[in-house]
C-alpha cells in the first residue's frame, strides 16, 4: 500500500468519525429539546453503522469511548457516571461483535442479525451491571419494552446496512 492510499484511508476515516461525533452531539441536544431520543439508543446505532467505514477496529473503539465523553463535555449530558457506563457498554458491544464476526465469518443476514443482537444484549447487561456498581443501586431509566425494541431495530437496521455496504 503506497502512502497516497494510506493517507486517503485515514482522511476518509477522519471524516466519517467527525460526522458521527457531530451527529451524536446533535442527538444529545435534540433529546432535551424535543423528546428523549436517547431512550432508543441512537448513538449505539451510529456506532454500528460506522463499522463498514472504519478502516480499523480500534477506530470503532476510540469512537465508542470518545462519543460519550464529547457529549458530556459539550452538552453536560449524560452524567459522568453514565458516560463511563456508556463507554463500557459500547466497547463491549463492539468487542463481542468483532469477535463473533471474525469467528463465524459469514455474510448471512440472519447470522449477522443474531451476532449483532447478542452483542447488544451483552452490552446492555454490562451497562446495567457497571451502572449498579458505580451508583450502588439498580437504576433502569428506560422501559424494558423500549430497550428490547431498540435492540432489535438497531440489530436489524445495522446488520442490513453492513451486509449491503460490504458487498
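The values are calculated or read from the model by the stated rules, or taken from the named source; none is laboratory data. What you see is a predicted model, and the numbers here were worked out from it, not measured in a lab. Neighbour counts run over all protein chains shown; Cβ positions are idealised from the backbone, glycine included.
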Inset, instruction - Test residue 120 against the criterion of being touching a residue at least 60 places away in the same chain (Cβ under 8 Å), under 23 Å from residue 30 (Cα atoms) and touching a helix residue (DSSP H, G or I) at 6+ places or on another chain (Cβ under 6 Å), and give yes or no. - result: no
Inset, instruction - Report yes if residue 126 is more than 18 Å from residue 43 (Cβ to Cβ) and either in contact with a helix residue (DSSP H, G or I) (Cβ under 8 Å, 6 or more places away or on another chain) or assigned to a loop (DSSP other than H, G, I, E, B) (or both), otherwise no. - result: no
Inset, instruction - Identify all residues within region 36-61 that are surrounded by fewer than 19 Cβ atoms within 10 Å (Cβ to Cβ) and within 22 Å of residue 134 (Cβ to Cβ); write none if there are none. - result: 36, 39, 61
Legend entry - From the options 74, 62, 92, 154, residue that is part of a helix (DSSP H, G or I) and either over 12 Å from the mean Cα position of the chain (by Cα) or at positive phi (or both): 74
Legend entry - Residue count for region 102-122, restricted to those that are modelled with pLDDT under 85 and part of a helix (DSSP H, G or I): 4
Inset, instruction - Give 65, 132, 149 a once-over and let me know the one that is within 19 Å of residue 31 (Cβ to Cβ) and at pLDDT 85 or above. - result: 149
